[in-house]
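Working notes, structure below.
Derivation of every value follows stated rules applied to the coordinates shown; laboratory data play no part. Bear in mind the structure is a predicted one, so any value in this text is a computation, not a measurement. Glycine also receives a Cβ, built like all others from the backbone with ideal geometry; neighbour counts cover every protein chain displayed.
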Amino acid sequence: MEQRALQAFFAPRTVAVIGASATPGKAGNAVVANMLAAGFNKGRLYPVNPKGGSIEGLPVARTVGELPGGIDLAVFAVPREHVLPAFEALAARGLKSAIVLSAGFREAGKEGYALERDLADLARRHGVALLGPNCLGMMNTAHGVNASFAATAPVPGSVAFCSQSGALCQAILDWARDERFGFSKFVSLGNKAVLNETALLNFLAGDQDSKVIMGYLENVEGGEEFVRAAREASRKKPVIMLKAGSTNAGAKAASSHTGAIAGSDDACAAAFRQSGVVRAPDLASLFFLAEAFASLPLPRGPNVAVLSNAGGPGILAADACEKTSLHMARLSPETIQRLQAELPPYASVNNPVDIIGDAGAERYRKSLEAVLDDSLVHAVLLLIAPTAMVELEATATAIAQVARRSAKPVMTCLLGRAHGSIGRDILRQAGLPCHAFPEPALRCIEAMYAYAQWRQKPVPVFEPPRRDLAAAKRILDAAVAAGVQELGGFQGREIAAAYGLRTPVTVLARSSAQAVRAAQGMAGPVALKVASAQIGHATDVGGVKLGLSGPDEVARAFQELTTHVGRIQPEAAVSGCLVQAMAPGGSVEVVAAMRRDEQFGPVLMFGLGGIHSEILKDVSHHLIPLSRDEAFGMIRSIRSYLLLKGVDGEPAADLRALEDVLLALAALAQDFPEVYEAELNPVLVNHEGALVAEARLAFRA
């Protein structure tokens, strides 16, 4: 039903404008004028205004009751208190889709929130595809539809765009028209009462007019559904998103802007990565990326050749390339010989290739052909410094002719601006992105290669680990029934053991004598940790002593720990100390955790313990479900991964055991939605396996 409603939404045959106006400058007048200017000649346009008469030469209906039934699209440009009555009247007569431009809903407070909720309920009950409220409108250049009050009309193109910010839409339209950047669809989402980015992704994935989908988001509605929709869409065409609210200040601003609650940026980054969404770091990059994806073939490898008529820019481009995941291509001997035959003897034929400042159109043509023919080259960055000898028009034409015949991407960079407009226009008209500097061009190639790699990845296979679900359920049900909000200690380790994870031998000692006896029953040194239900992490209060040997040392440590913690945290009920066997030699501490994000659901985190995760933030994130390959990817993606591979002659850690830890945590999150947070910290891993020393679970209050 939603897909049929969206078909009527984007390609309507009948459009009603509720609140149409004959007064220029009003939204109701702009919508009618924009529809006519867009060439809406495939159906009927019905202005509605209580005054009647005519607007832009069209007869005006005084009420919605005068309209025919089954209107494809109704655009509401009336005060918020008039929206619901008119909407309900049209919905009862078969309205298929609607755009509410009016503001004053969720973003305006409690009363507006209630009105928006009623509007959304009404739309869902009648199966109406509702855009907004509080939006700029929608445009479909392929069908002559401009149902918006935008001051600028889009240039036709192959990029579909959606945005939560209407003001940003206005600015983007103005910029894009000047840059001749074209759109197939242009949608201002507004408050997303019904239609959101997920619904649009589902539709646009199959839209023949759109080669690329791009958008600006402040929050994501229904994060788990979004991931599924984005993954399906990304398998068919590039999806590029700019996510605002990635900082605390930005998240707070996003909330006040649209009434949205911004989720964790780590969760959003994981969602984009797992679903193949290309994340733009800023607004300029959003359009650079969309232009590149829409006009160039994807690179089949990471090797880039730089071709330049100036040595300095070529060296800068090589430096910039090395800062990405791309590589400077090693040209084949055949290519070097071919370049030597075509170029002056003082030219540089190694990558970067310097064809000298007096290069004309023919030298550029032959050099580009030689480099593109090299099987070791996957993409080309071509630089033009506008020297007095460069024939910009002829050179740009020659480059365009060669590049369009190639199955490899050619990214151009015309340094300077005043003398390059002719060449820049020729290159862009030929579908070749043209940048002012090499760095953004290389970032586009890098993103295209990463996307090409993602599309080649097999679909993950999810196999839940073996676990004693009944045992885990007994422990958790008892905790929930008792009103416990946090579970740790013995019970936490019992949960870990139920999920097939190894835990160290641990004994609760209520006196120093019991601690000594417990230690004597364990081979080797022991650790003592203060035991208290009010203390989540004993290390945070100085309640841990490690590597204890001999009765005297154990007894003294017991007395010191209980006295110390009783003094600094008197409200905590200390029940004694946990005596725990020390980890085997050569162990590395890691931490694995799970937290439920408000938008995307359970998010896993992995990193090395201590300063690596807490201070350096060297951690990886992943949404569930989690496959074994993805678990290994989480481990491998942290910067300190080499420490797990073994250094200074130490054997490598048992990575398979770490994968098991992450898979168990993912399964726990799926099995028990009431668990809001879970932390396995520390997990002690060496070449023989992994031990979960502590496990803590928290329930939503």
Distance in nm between ASP629 and ASP671 label points, each 7 Å along Cα→Cβ, equals 2.6 nm
In deg cm²/dmol, rounded to 500, what helix-only [θ] at 222 nm does the chain give when every DSSP H run of at least 4 residues adds -39500 (n - 2.57) and the total is split over its residues? -12000 deg cm²/dmol
Once both axes come from the Cα atoms, what is the angle between helix 80-91 and the longest principal axis of the chain, in degrees from 0 to 90, rounded to 10? 80 degrees
Going by a ≥ b ≥ c, the root eigenvalues of the Cα gyration tensor, does segment 543-701 fall in the rounded group (a/c under 1.5), the prolate group (a/b larger than b/c) or the oblate group? oblate
Want the number for ILE611 to ARG517: 0.36 nm per residue separation, take away the alpha-carbon distance, what's left? 30.4 nm
If you stretched the chain out fully between ARG62 and GLN485, how much longer would it get, using 0.36 nm times the residue separation minus the C-alpha to C-alpha distance? 146.3 nm
Between ILE422 and ARG656, what FRET efficiency comes out of the Förster formula 1/(1 + (r/R0)^6) with R0 = 51 Å and r the beta carbon distance, rounded to 0.05? 0.25
State the extension gain, in nm to one decimal, for the chain segment bounded by ASP618 and GLN534, taking 0.36 nm per residue of separation less the distance between their alpha-carbons. 27.3 nm
Ignoring the sites themselves, what is the longest stretch of the chain with no GluC sites (Glu not before Pro) in a DSSP loop and at most 16 other beta-carbon atoms within 10 Å? 57-390
Just grab the label-to-label distance for ARG567 and ARG300, each label 7 Å out from Cα along the Cβ direction, in nm (one decimal). 7.2 nm
Once a ≥ b ≥ c are taken as the square roots of the eigenvalues of the Cα gyration tensor of segment 512-566, is the result rounded (a/c under 1.5), prolate (a/b larger than b/c) or oblate (a/b not larger than b/c)? prolate
With label points built 7 Å along Cα→Cβ from the Cα atoms of LYS51 and GLU179, find their separation and express it in nm. 4.0 nm
The chain: angle of helix 166-179 to the longest principal axis, Cα-based, in degrees nearest 10: 60 degrees
Kindly put LEU316, LEU130 in sequence by how many other C-beta atoms sit within 10 Å of each C-beta, fewest to most. LEU316, LEU130
Cleavage-rule hits, trypsin sites (Lys or Arg not before Pro), segment 636-696, DSSP coil, Cβ neighbours within 10 Å at most 14: ARG639
Using the number of other C-beta atoms within 10 angstrom as an exposure proxy, rank ASP374, ASP174 with the fewest first. ASP174, ASP374
For helix 438-456, report the angle its Cα long axis makes with the longest principal axis of the Cα atoms of the chain; keep it between 0 and 90° and round to the nearest 10°. 70 degrees
Spatially proximal lysines relative to LYS192 (Cα-Cα < 29 Å; intrachain offsets below 8 disregarded): LYS26, LYS42, LYS96, LYS110, LYS211, LYS236, LYS237, LYS243, LYS252
In this structure, the FRET efficiency calculated for ALA407 and SER325 from their beta-carbon separation, with R0 = 22 Å, to the nearest 0.05, is 0.55
How big is segment 398-440 on each of its three principal axes, counting only the C-alpha atoms and giving the largest first in Å? 30, 22, 13
Report the trypsin sites (Lys or Arg not before Pro) located in segment 426-503 that are in a DSSP loop and have at most 15 other Cβ atoms inside 10 Å of their Cβ, or state none. ARG466
So for R0 = 30 Å, FRET eff. of ARG474-SER637 from the Cβ-Cβ r, to 0.05, ends up at 0.25
Proxy reagent accessibility, fewest Cβ within 10 Å first, across LYS192, LYS96: LYS96, LYS192
Taking loop as defined by DSSP and a crowding limit of 11 other beta carbons within 10 Å, which trypsin sites (Lys or Arg not before Pro) in segment 301-390 fit? LYS323
Rounded, prolate or oblate (a/c below 1.5 giving rounded, otherwise prolate when a/b exceeds b/c) for the chain by Cα gyration tensor: oblate
Nearest 5 is fine: what % of DSSP beta bridges in the chain come out antiparallel, could you say? 50 percent
